[in-house]
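Bear in mind that the values in this text are calculations on the coordinates, not laboratory data. This one's a predicted model, so the numbers in the text were calculated from it and none came from an experiment. All Cβ positions, even for glycine, are placed from backbone atoms using ideal geometry, and neighbour counts span all protein chains on display.
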Amino acid sequence: MPAIADRSSSPFKAMLAAKSCELAGSGGCCTPQKRRLRSDTALAAKESPVSTPMKLKSPRRRLDSSPSSPANRIKKDRSEKTLKKCWNPRDVEQMRAVKEAVHVSTAPSTVVCREDEQKRVLDFCKACVQQEKAGSLYVCGCPGTGKSLSMELVKQQVIDWAKMQEGLQSPEVLAMNCTSLANTSVIFSKILGMHQPKKKSIGSTSPLQHLQNLYSNKQAQSSSKMMLIIADELDYLITRDRAVLHDLFMLTTFPFSRCILIGIANSIDLADRFLPRLQSLNCKPMVVTFRAYSKDQILSILQERLLVLPYIVFHQQALELCARKVAAASGDMRKALSVCRSAVEILEAELRESASNTGLTSAEGDFVSPRTALAYEVFPSQENNTVRIDHMALALSKTFRSPIVDTIQSLPQHQQIILCSAVKYFRGGKKDTTVGELNKSYIDICKSALIPPVGILEFSSMCRVLNDQGLFKLGQSRDDKFKRVTLKVDGADISFALQGVRLFRNCLQ
């Protein structure tokens, strides 16, 4: 039989000491590491009367809650610019500043929502300058998607970057809008003038031939700088034989060429349609596409522009309405700015009308209309002078609502499908097509919507009806299939008119 342990023995004393330490909540050396952690947890829980369990967030919520996210950055900037005074739309200077902030021609302080596209173009230019290697890049996208504005920013970034690099010469820059050229071939004279500003072509040698000879000579590579050429509205150079556009891109393929060519146009497939030879020579330009702005992007850009003002001009719901409607119609940022400017003018006209109205008087002595009086009851006093959602709705109606929209909405379903197929077909930058090709696009939409399509004869008849209503322009041909079809109305009007129908909304996205 084992002997009973003596309480005065050393092991028993050590165990008793450890127990007393645990009861006292001590974190001393006599408590093992595991016990100390439990006691610490119990002590911390005792000190904080309310314990909140940690909630895990999804990756998307963590991104939205991040201080560096675009939405929170704009909110932070706006909170930093706390309102020091209320906006007075009757003040001429303040009204002028607001109209200037939302004007299309006013360049913003920063270009947001196009960082990825700008980085791709900037990296391309840096690589060409560092390697002293010619190259071509084509920037395309729908109108009002920030192409020209982004290229202007990239141009300055390339110049600043080259100045900071040791052993690199800053490239020469030639930026032009091709619509300002008196003749399409003048572009070669401008490029040659940058290389040889004091020399002129001698004899019968054309500027293009002179450039070709220059880029075929090895001495030219060591004696001249790299040249960054930015050609906006590049589709203006498209001629019948496409020679000018082709020769321009071919300049970057010569062995000693110094050209970095960036072409900007709306046509997405311009390189495929008009420069097939470049593709066969493995010299197809790199393509960067600017997609139409989404609702959130339009809202962010509008908020970023309005940060320059020390007061709130637009009600938040009004801006959201503008962004949502413009994104659904076209995603054109210029259209959104035009709508905002129109909404400001509507508010200005309303206040001018209230000043001459003797029916009602505000507390400050200003005359107000019944519509404005109702707004005083609905909105707080500080927001009476802001552009409200009713102002924005009226501005959107004036911008997009037209007799054309009413005509489109009153058309039979199959004629609306034909218009929808035309918008989708011409979205790639094409200007016209044949009735037969348009019929194929129409049949595809009908099949996707499980709607029986009409025959080719009835389809041709409906195209003639749309031609009579001024929506189409039909060419002349003996066979209806080969008649050329051109849209005579803006595709944004068609999208706006049909966006309320799910079939067309899904098709036009």
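Residue separation times 0.36 nm, minus the C-alpha to C-alpha distance between Asn357 and Arg324: what's the value?
Extra length from Asn357 to Arg324 when fully extended: 8.4 nm.
Sequentially through the range 113-123, phi angles give Karplus couplings (6.51, -1.76, 1.60; θ = phi - 60°) of 6, 9, 5, 5, 5, 5, 5, 4, 5, 5, 4 Hz, Gly and Pro residues having no value and appearing as x. Structure note, pairs Lys440/Lys483; Lys126/Lys190; Lys119/Lys430; Lys99/Lys155; Lys398/Lys424; Lys325/Lys398: Cα-Cα distances above 20 angstrom occur for Lys126/Lys190; Lys119/Lys430; Lys99/Lys155; Lys398/Lys424. For the peptides 165-178, 496-509, residues were scored by their other Cβ atoms within 10 Å and the scores averaged per peptide; the highest-first order is 496-509, 165-178. Can you tell me how the range 396-443 classifies by the Cα gyration tensor, rounded, prolate or oblate, using a/c under 1.5 as the rounded cut? Here the range 396-443 falls in the oblate category. Here r is the Cβ-Cβ distance between Lys447 and Thr289 and R0 is 22 Å; the resulting FRET efficiency, rounded to 0.05, is 0.20. Note on the range 378-509: along the principal axes its Cα atoms extend 68, 31, 26 Å, ordered by decreasing extent.
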